[in-house]
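Take a look at the structure set out below.
The values are calculated or read from the model by the stated rules, or taken from the named source; none is laboratory data. Keep in mind that what you see is a predicted model, and the values were worked out from it rather than measured. No Cβ is skipped: glycine too gets one built from the backbone with ideal geometry, and neighbour counts run over all protein chains shown. Only protein heavy atoms, including side chains, enter the accessible area calculation; ligands, DNA and RNA are left aside. Shrake-Rupley method; radii C 1.70, N 1.55, O 1.52, S 1.80 Å.
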Amino acid sequence: MTQPKVRWGVLATGGIAAQFAADLALVEGAELAAVGSRSPESAAAFAERFGFARSHGSYQALAADDEVDVVYVATPHAMHFDAALACIESGKGVLVEKPITLDLAAAARLVAAARERDVFLMEAMWMRMNPAIRKITDLIDEGAIGWISSIHADFGLHGPFPPEHRLRDPKLGGGALLDLGVYPINLVHLILGAPAEVHSWAHLTPEGVDENTGVLMGYQNGAVAALTCSINGESRNAASITGTEGRIDLPPGFFVPREFTLTRPRHDPEIFEFPFEGSGYQFEAAEVQRCFLAGELESPLMPHATSLEVMSLLDTIRSEIGVAY
């Protein structure tokens with residue numbers, strides 16, 4: 001049987017929107033219905049480039065398009081809330097790029113609006129839908145590496161970025177934490193849940209956003225997580241999950257892995273491989289479609305409660321390091 005179509009809209013036309021649109025072509029049943037931009041010219045060019053049926057010269061016009069089922073919100077962080085809320089209020093399902101908003105209060109308002117209108121909402125934390133990551137969680141649940149004692153993860157970009165770059169603009173939610181730190185934090189949250197304690201430190205740019213940040217999380221059961229993120233130095237961008245019976249190592253690019261290594265005492269290392277086409281955004285799009293067609297208002301892989309817990313952690317870290325948007 002042919003899978004029913006889900007009509008997609010893409011809101012914004014930047015780099016992340018382009019990668020997502022390219023991967024939509026890999027998703028069975030995904031119909032490229034419309035794109036919206038603040039510029040009619042940009043919308044039209046994007047639609048022609050990726051094969052969308054229609055283009056709109058404003059975000060509101062896309063939100064009001066009756067021939068769109070789900071909208072992917074790909075704006076800069078600071079614009080997520082308004083764009084996503086407009087789509088929710090128009091009855092559209094929404095996949096909003098991470099982080100879902102700038103703070104917990106705004107995230108809670110989005111979740112409440114989606115529930116009130118009975119529409120689908122999910123934060124686009126694509127790492128959680130990745131096949132390798134899902135296999136890792138299965139192995140951990142099966143006890144393959146025993147009790148988890150520690151997680152280490154880092155994500156750093158080479159830089160340096162000029163003062164006018166969005167990553168240094170507090171009005172746009174700039175800094176390492178929201179762009180990069182969300183990945184190590186989500187990995188730890190996926191495996192260990194919310195911590196009992198968080199301790200953070202960061203060096204700030206002259207604009208007041210974090211450029212080099214360290215986070216230590218402690219858990220009631222004794223587990224610890226040590227995480228870093230940076231926009232002034234390219235780190236290894238890898239992760240390791242250590243347990244009493246073994247270790248799982250994720251290679252550089254741990255947030256979109258195609259393989260990982262399981263190492264256990266008295267066993268040869270096992271390499272698990274998950275080759276796939278595209279950039280990896282197709283897995284979150286496929287999960288959105290599955291939920292939408294099943295009438296589910298949130299995904300079990302990235303539920304509302306998870307988005308709110310992670311955003312609460314981000315708020316706590318920002319408070320400790322002295323960053324305000």
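Below, the figures for the structure above:
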{"read-out": "Between 0 and 90°, nearest 10: helix 182-192 axis offset from the chain longest Cα axis", "value": "60 degrees"}
{"read-out": "Net charge of neighbours whose Cβ lies under 15 Å from the Cβ of S230, counting Lys and Arg as +1 and Asp and Glu as -1", "value": "-3"}
{"read-out": "Accessible-area ranking of R38, R54, R115, largest first, probe 1.4 Å", "value": "R38, R115, R54"}
{"read-out": "Accessible carbon and sulfur surface of the stretch 277-325 relative to its total accessible area, %, 1.4 Å", "value": "54 percent"}
{"read-out": "Net charge, E164 excluded, C-beta distance under 12 Å - Lys, Arg +1, Asp, Glu -1", "value": "+1"}
{"read-out": "The chain: angle of helix 131-141 to the longest principal axis, Cα-based, in degrees nearest 10", "value": "40 degrees"}
{"read-out": "Loop sites in the stretch 8-50: GluC sites (Glu not before Pro), DSSP, at most 15 other Cβ within 10 Å", "value": "E28"}
{"read-out": "Length gained when the stretch A305-K135 is fully extended (0.36 nm per residue, less Cα-Cα span)", "value": "59.0 nm"}
{"read-out": "Within straight-line cross-link reach of K171, lysines at Cα separation under 21 Å, skipping those fewer than 8 residues along the same chain", "value": "K98"}
{"read-out": "Inter-probe distance in nm under a simple model that places probes 7 Å from Cα toward Cβ, at E296 and E277", "value": "2.5 nm"}
{"read-out": "The stretch 150-207, accessible area per residue, ligands and nucleic acids excluded (1.4 Å, Å²)", "value": "42 Å²"}
{"read-out": "Net charge of neighbours whose Cβ lies under 13 Å from the Cβ of D23, counting Lys and Arg as +1 and Asp and Glu as -1", "value": "-4"}
{"read-out": "Per-peptide average of other Cβ atoms within 10 Å, ordering 185-198, 88-101 highest first", "value": "88-101, 185-198"}
{"read-out": "Partner lysines for K135 [C-alpha distance under 16 Å; skip if fewer than 8 residues away on the same chain]", "value": "none"}
{"read-out": "Ranked packing of 157-165, 130-138, 175-183, most packed first, by mean Cβ within 10 Å", "value": "175-183, 130-138, 157-165"}
{"read-out": "Candidates per chymotrypsin sites (Phe, Trp or Tyr not before Pro) in the stretch 259-316, loop by DSSP, up to 16 other Cβ within 10 Å", "value": "F276"}
{"read-out": "Cα-based helix-to-principal-axis angle, 304-321 vs the chain, degrees rounded to 10", "value": "70 degrees"}
{"read-out": "Percent carbon-and-sulfur accessible area, the stretch 16-145, ignoring ligands, DNA and RNA, probe 1.4 Å", "value": "46 percent"}
